[in-house]
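Here's the structure we're looking at; comments come further down.
Derivation of every value follows stated rules applied to the coordinates shown; laboratory data play no part. Quick caveat: nothing in here was measured; it's all calculated off a predicted structure. Note: ideal-geometry Cβ built from the backbone for every residue, glycine included; neighbour counts use all protein chains shown.
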Amino acid sequence: MNTLPNTLRSGPDATGHFGAYGGRFVAETLMPLLLELEKAYEAAKRDPAFQKELGELLTHYAGRESPLYFAPRLTEHFGGAKIYLKREDLNHTGAHKINNCLGQILLARRMGKTRIIAETGAGSHGVATATVAARFGLPCVVYMGEVDTERQRPNVFRMNLLGATVRPVTSGARTLKDAMNEALRDWVANVEDTFYIIGSAAGPHPYPGMVRDFQLVIGNETKAQMLEQEGKLPDLVVACVGGGSNAIGMFHPFVDDPDVQIHGVEAAGEGVDTPRHAATISKGSPGVLHGSRSYLLQDAEGQVQEAHSISAGLDYPGVGPEHSWLKDIGRVKYFSATDQEALDAFQLLSKLEGIIPALESAHALAHVARVAPTMRKDQSIAICLSGRGDKDVFSVAEALGAKL
Amino acid sequence: MSRIAARFAELKAQGRAAFVPFVTAGDPDFETSRAILDALPGAGADVIELGMPFSDPMADGPAVQASSLRALNAGATMARTMELVRGFRKRDDKTPIVLMGYYNPVHARGAEAFVREAADAGVDGLIIVDLPPEEDAVLLKPAQAAGIDIIRLVTPTTHDARLAKVLNGASGYLYYVSITGVTGTKSFAEDEVKAALARIRKATKLPIAVGFGIRTPAQAAQIARIADAAVVGSAIVNVVAEKQGAGRDAIVASVSELCRALADSIRAESGAKVRA
């Protein structure tokens, strides 16, 4: 692409594409439903009553706005740029996922849907979906890979407490990818009454743009808070990227600000040169999975490969299509952090700031540990701390060899 | 005239519906799959739908998922799928073969290169489940140029206003998905299918195959009375699963036996066919 539009914020186009990515690669059974969803979302987006209801829920139910916290000891430790943490971990349910779930369940109600389904990896999106389903009294089924139900037992119990049914998925690698396949199968079978709350900025159009829109609140608040606290925009914005919903919500309000660098951090698992990683953008190639064209971990035959990460929320072989586009046009740079680097960052933030981050967010911190020391002290970095780490204590304990 | 058009014209003259078995290429292994394919016309197959294995078959139920996985574990590749078709074509120049599957393995090869390979091998039609009319332009043009039919899916959710879009570019036959759901999981309701076919026939002259919810010879006969073809997939690949340990001959014999029963049941409706 030689010429870029004046704004990088206008996507997707009318057919649901971000450049060569996105689209609607689904079975015909779902197509009429996606067209209906797109129409309903476009109408809701422009309806002040919808925005007002969502705004009130975000404030009084989810606890927004979330703080932008200057981390003095972490800043001192790295010895470079000032570190700010966007505290999405302080939202109700402990992660950014609630922002999107509140938006989608209001839309589900507008569309007259009476049953909610979702997929989940780490369980954060499943918990957030179960939460909003409970809040609005709708039955909810959450598909979760069997492996993840084991790694994230507390979240399974939480979802049950909230009244949701958790269905362990035993196909494929029994992780997030397979949970999404199973949720799509459920949806095809129950199109009339069911609303599928997708948790990532992925899936078929209109989901990637819609999920992004519901997550924009992260970046919009960060921008205003930085201007208030620092009097200028950050020099660098960083977020972890699995499917990429917290990242796109954090990044999008900054993509038209040329002086702000943007870094996405993928999970390198045991290393990007081993077969066990989830660095889709860094190591994958364009393909089609779960309804959209995007970077994908696949073999030469187009068979999807299993991802690996210590963090269940990043353990996904695909990525949202807008990230693929932002990578290709060079606006966002994508890096990766290994399981070990994430574990180190997880402990570092706990000890230095008294904040236990989600393992997902720890990947973003691990990258910042590399770049912050190379930056000047008058520069600043805003990191999306997408979730809290309580859910991860069991898997971190296991990785560190501690018995609980 | 294409093989698909010729076959449906021939069956129309006989006054009966087509029996269309679905099997997955390379399931449970390449040689057995070849033997199954070779046996199908003799067991009554009028058209063959050959599945291209994929790691993430989102529109399929457990039976077809498992068959895809068996094939992949046995080393199935797109090149070997084409090899199966090429080999079959040397022995049978009449029975149409339709490749059915998901877009990513096609995308990985490049749509144009894929269509060229398929045409060279003797493929007659393509059903790409996750490539709705909104996205299939990339395949439609090369396929039309190569004389390969793009077979579109019509489902219970395809309303009248949308039907025109689905029909625009469709050729060969239409595939009516008789249930809202994935393959092999529910049974169709005859009245609903009948009403849907009547609605679709007002908009097209293409033959209509019905699939996704047909398991038994009795169900196949029901569909044969009201549609131009009955597709059976999950029930057949289930037989492959059940007989997997019993050896190649036993698998081929059992698949043939089920297909024979399905085909006979459809043929028994010959002449009794009432246009809905």
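Some points to look at:
- If you plug the beta carbon distance of A:GLU192 and A:ARG109 into 1/(1 + (r/R0)^6) with R0 = 22 Å, you get a FRET efficiency near 0.90.
- Alpha-carbon geometry of segment A:297-356: the Rg and the Dmax are 15.2, 47 Å, given in that order.
- Of all DSSP-defined beta bridges confined to the protein assembly as shown, some 25% are antiparallel rather than parallel.
- If you look at the Cα atoms of segment B:130-200, you get an Rg and a Dmax of 13.2, 38 Å.
- Cα gyration tensor shape of segment B:3-275, rounded if a/c is under 1.5, else prolate or oblate by comparing a/b with b/c: rounded
- Mean-position separation - Cα centroids, segment A:315-335 and segment A:126-163, in angstrom: 28
- When the helices of the protein assembly as shown are scored as -39500 (n - 2.57) per DSSP H run of n ≥ 4 and the total is divided over every residue, the value at 222 nm lands at -13500 deg cm²/dmol.
- Mean Kyte hydropathy of 0.0 or more with a Cα span along the axis of at least 27 Å, helices from DSSP in chain B: B:248-267
- Environment charge of A:PHE136, counting only residues whose C-beta is closer than 12 Å and scoring Lys/Arg +1, Asp/Glu -1: +4
- Number of Lys pairs (Cα under 24 Å; 8 or more positions apart or on different chains) in segment B:3-275: 19
- Cα gyration tensor category, rounded, prolate or oblate, for segment A:59-145 with a/c compared to 1.5: prolate
- Residue order, fewest to most beta carbons within 10 Å, for B:ARG80, A:ARG64: B:ARG80, A:ARG64
- Segment B:165-225 - Debye-derived log10 I(q)/I(0), Cα point model, q = 0.24 Å⁻¹: -1.06
- Unsatisfied cross-links (Cα-Cα over 24 Å) in the set A:LYS52/A:LYS232; A:LYS333/A:LYS377; A:LYS86/A:LYS177; A:LYS283/A:LYS327; A:LYS351/A:LYS377: A:LYS52/A:LYS232; A:LYS86/A:LYS177
- For chain B, averaging the sequence separation of C-alpha pairs within contact (under 8 Å, six or more residues apart) and dividing by the residue count gives a relative contact order of 24 percent.
- Considering only Cα atoms, the convex hull volume of the protein assembly as shown works out to 151 Å³ per residue.
- Computing Rg and the Kirkwood Rh from the Cα coordinates of chain A gives a ratio, Rg/Rh, of 0.94.
- Proximal charge balance of A:GLN152 [Cβ under 14 Å; K/R count +1, D/E count -1]: -2
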